[in-house]
Each structure stands twice: as structure tokens, then as C-alpha cells.
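What follows is a set of notes on a single structure, which appears directly below.
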Amino acid sequence: MASLKEKFASKIPVWGEDIKKILKEKGDVKISDVSVQQAYGGMRGVKGMICDTSLVEPDKGLIIRGIPILELTDKLPEEIFFLLLSGDMPTDDDVKDLQDEYKKRGDVPKYVWDVLKAMPKTSHPMAMFDTAVLVLENESIFRKRYAEGIPKGQYWDAVYEDGLNLLAKLPAIGAGVYRMKYDKGGLIDPDPKLSWGANFAHMMGIDDETFYKAMELYFTLHCDHEGGNVSAFSCHTIASALSDPYYAVSGGLNGLAGPLHGLANQECLKWVLEMMDKLGGGIPTKDQIKDYAWETLNAGKVIPGYGHAVLRVTDPRYTAFLNFGKEHLPDSEVLTTVARIYEVVPDVLKEHGKAKNPWPNVDAGSGAILYHYGITEFEYYTVLFSISRAMGMVAQQVWNRAMMIPITRPKSVGTDWIKKQVGM
Ligand SMILES: CC(C)(COP(=O)(O)OP(=O)(O)OC[C@H]1O[C@@H](n2cnc3c(N)ncnc32)[C@H](O)[C@@H]1OP(=O)(O)O)[C@@H](O)C(=O)NCCC(=O)NCCS
């Protein structure tokens, strides 16, 4: 058995006993109250589900299995997936083992490319990527084993197999979408010597050691963001009906394609470049940035890349991208502009007085790096986010099935009920 699967299997009884004990001894203890505001307001802050893979602390940002993300920026995405799922950092052998698994499982069936080719040329890259994931459902091991009547205790194993098969194929699919959508030439075969992230860069057609590193960092930073964000929660809900990982990840990614969620990264760089362009090119001054930010807000629009539903500090993932940029692309005017925006926009948003968090999120800096390496097709950026975030979705699903988490079914109420409840 592969070492990650073995490690995870060994944890199941330990975690399972822990949860059983909590439920038996403290199952009735209240952990959240829900206000009318929260019921109408996207359930913000309501504690109503479990996610053990990662946590987002408003004042600290992403923490993976107890480790802050800024301490993990030198890790490969393979190491991060191992950590997300098993709770432990892998050894070198574990990493090699997972990389071998990915290589064995990485071939994308021809019918996936045929379906993508048949899509309209104007299709959004996220629609192409999500479609490819859904089309791959044909490969589902979970669906076949479920039909054969596997017992509940084996669900996680089949979900793990599907999840790993899917993750192994995502770099090729993502790179394929890029080459097809933007007429970059034929598909490029993976290089067995390269890591999961570097191979993606290679299959895109950008063979540059620093870009390899940029992609590995990108995939490490976007891997997971606890359980309640739109994509993770959608995926969780779909998977709770025992829809297999292809259905569930595709559904989650459809949520990631929204402009308030993952798609914000395409909006961000667009906003920066439009500002630079409008001001005649070059790096804008702080005053010019301030004026442009106000112009955006006064037009009733949001400043992309700023604000967050949970975070109340600068997103450490933004910091990690900025650090990478300062080290590897110190001459980039776009990156310098992004850094300057950071000196101006938080104060503008504070003065504007609406956003609860005036600080940058992950999307504020990543685009500048992609742009530097020639990926100028903004619409494509969310596909990169998706390849990475699928790791969290898969890890959460395997955990949920192993812990026998039941079907999701919160209670909705109507406005009449609310009125009666509050005495109106
Ligand atoms: C991320 C985001 C969707 C969080 O939404 P939220 O939890 O509802 O945020 P808040 O509670 O702070 O929103 C309160 C108000 O501030 C506004 N606000 C939040 N972020 C803002 C921003 N970057 N620019 C302008 N206004 C903003 C909201 O639109 C909302 O206005 P409303 O009362 O008129 O509806 C929001 O900050 C946003 O739209 N940011 C820009 C898009 C983005 O970067 N998304 C990527 C997220 S990782």
C-alpha cells in the first residue's frame, strides 16, 4: 500500500475514537449561536461543520494541521497534500512514493480532450477545466465499488483512489486547457523527472526553473482554506450525498469560478494593469493609486484582492507571493505597483468604512508573478487556483468519509418564521 494511504489508514481508528468520545461525553454542548443577521448574511461565523485539514484564524491566516502557511512556503505541493491528509510531514521516501503514484495515475483519457475540443471557442477556461473533471467521472472507482455494495468502512478507500487519480491528472488537464484555449500548439507530455507543480509548468510550455518554483509555491499556497468557503463547502455538501470525488470537486470548482471567490484573481491583475494603462504606463505614484482606488469605490465596485470573509490581517499568502516576487523579479513594474498599492489601499478602504478587512488577500499579488512569466490571459488564472485547491477538497472528502460524517442538511427558515421568532 502507498505510504500516504497507509499513514492515513493508521490514523482512522485514533481520530475516530477521539470523535466518538467527544460526541459521547460532550455531544450536547453548544458551540455556536445564530443571529438573524447571520441567517440572512451567508451564515458568516456560524460554527456548524468540522474541518481538520486546515484552519483560517482571522488574525493569523491559513494554518495547515497546526503549521502556519508562512512556515510551509519551501514545501512542495506533494508534501502539503501528504500533510493535509495524514496530519504529518512526509519523509523524503513518502514524497517520492506520492510522486510515483501521481506518475502512474497521470494519463488523461482521450475522450476528455475530445469533449474539450467540442466546446465553444469562447468557453471560459474554468468551464473547460470543470467539464474535464466532470467528464472524468467515467473513471470513478467509488461509483463502481458502491454499486458492488462495499461496506461503509471502505468508502474512504475508494474516495482516496478517485481523489489521487484526479489530482494526478489535474496538472495535465490544466496545462491542456491553457494550450487549447489560447492556441499554444499541441499538448505536451509530462516529464517524469519533474515534480507535480514543475510538470504543470513544463506541460504549459514554460520551461524555466524559476517558473517551476513559482508554480510549486502557487500550488502550495492555494491548497486549502478550511471547510466553510464556497468551494470547500459546496464540495463537502455534494460529497456528503456520496457523490464521488469527480462530481464533488467539479461542483466545488464551479463555486471557485465566482468573482467573489477564486475568480477574483483574474479581476485583480486586470484592475492593476488598467490603472497603469490609464495613467500612461509605468509605476503609478501613491497619490495616483489613491485617486484610482476612490474612483473604483465611487463607481460602486469592489477593489479586487482586498477584503476577506474571515481574515482581518494581511493574508500571509499575499506576503509569500510578494517575498517571492521581490527575490525573483525585482525589476517587475507590475509587482512594484502591487507592492505600492498595499501601501495605499488599506487606508482608502478604512476611510471608505465598509470592508471589515481592508488588507490584501491571496489574489492581490499572485497575478503579477504569472504576468511576469508571460501568462497574460487573466481568465486562466482561476484554473491554477483550482489545481491547487483540489488538494484540500480531496483531503477533506477522504477524511469525511473515513470519519463517517453524514449527509449535510442544515435547517432553513422563512422570513415569516423569523418575524414570529423575533416578535415582529
Ligand atoms: C472577499 C469578500 C467577498 C468578502 O465579503 P464579505 O465577507 O461580505 O466582506 P465584508 O463583510 O467586509 O463586506 C462589507 C461591505 O464591504 C464591502 N467590501 C468588502 N471588500 C471590499 C473591497 N475590496 N472593496 C470595496 N468594498 C468592499 C462589501 O462589498 C460590503 O459592502 P455592502 O455592505 O455594500 O454589500 C469581499 O471583501 C470582496 O468582495 N473583496 C473583493 C473581491 C476579492 O478580492 N475576492 C477574493 C477573496 S479571497
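The values are calculated or read from the model by the stated rules, or taken from the named source; none is laboratory data. None of the values given here were measured: they were computed from a predicted structure. Note that we place each Cβ from the backbone using ideal geometry, even for glycine, and neighbour counts take in every protein chain shown.
Quick notes on this structure:
- Some residue of segment 331-346 being of a type in the set (S, T, N, Q), more than 29 Å from ASP74 (Cα to Cα) and assigned to a helix (DSSP H, G or I): no
- Restricting attention to segment 326-360, the residues being within 13 Å of the ligand (Cβ to nearest atom), small (Gly, Ala, Ser) and closer than 17 Å to GLU274 by Cα number 0.
- Within segment 92-122, the set of residues being surrounded by 12 or more Cβ atoms within 10 Å (Cβ to Cβ) and assigned to a loop (DSSP other than H, G, I, E, B) comprises GLY106, ASP107, VAL108, PRO109, MET119.
Results for (1) touching a strand residue (DSSP E or B) at 6+ places or on another chain (Cβ under 9 Å); (2) over 18 Å from THR382 (Cα atoms); (3) within 9 Å of the ligand (Cβ to nearest atom), shown as yes or no for each residue.
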position: GLY251; (1), (2), (3): no, no, no
position: VAL272; (1), (2), (3): no, no, no
position: TRP294; (1), (2), (3): no, yes, no
position: VAL313; (1), (2), (3): yes, yes, no
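- Flag set for THR382, criterion: part of a helix (DSSP H, G or I), under 30 Å from ALA39 (Cβ atoms), hydroxyl-bearing (Ser, Thr, Tyr) and in contact (Cβ under 8 Å) with a residue 40 or more places away in the chain.
- Only one entry of LEU263, LEU329, LEU311 meets the criterion of being closer than 22 Å to LEU70 by Cα and under 22 Å from the mean Cα position of the chain (by Cα), and that entry is LEU311.
- Close pairs from segment 263-275: first closer than 9 Å to GLY367 by Cβ, partner basic (Lys, Arg), Cβ under 7 Å, at least 6 apart: none
- Qualifying positions in segment 361-375 - under 20 Å from the mean Cα position of the chain (by Cα) and either part of a strand (DSSP E or B) or more than 8 Å from the ligand (Cβ to nearest atom) (or both): GLY365, SER366, GLY367, ALA368, ILE369, LEU370, TYR371, ILE375
- Scanning segment 317-358 for residues that are crowded, with 20+ Cβ neighbours inside 10 Å, in contact with a Gly (Cβ under 6 Å, 6 or more places away or on another chain), over 14 Å from ILE283 (Cα atoms) and not aromatic (Phe, Trp, Tyr) yields a single hit, LEU322.
- Single unsatisfied condition, VAL313 versus (1) out of contact with any helix residue (DSSP H, G or I) (no Cβ under 9 Å at 6 or more places or on another chain); (2) modelled with pLDDT under 95: (2)
- Only residues that are crowded, with 23+ Cβ neighbours inside 10 Å, of a type in the set (Phe, Trp, Tyr) and closer than 18 Å to GLY374 by Cβ were counted in segment 182-203, giving 1.
- Filter result for GLY27 (surrounded by fewer than 19 Cβ atoms within 10 Å (Cβ to Cβ) and out of contact with any Gly (no Cβ under 7 Å at 6 or more places or on another chain)): yes
- The residues listed here are GLU226, GLU161; of these, the one that is part of a loop (DSSP other than H, G, I, E, B), surrounded by fewer than 24 Cβ atoms within 10 Å (Cβ to Cβ) and under 22 Å from the mean Cα position of the chain (by Cα) is GLU226.
- Only listed residue being basic (Lys, Arg) and either closer than 15 Å to MET391 by Cα or not in a loop (DSSP other than H, G, I, E, B) (or both), chosen from LYS47, LYS75, LYS30: LYS75
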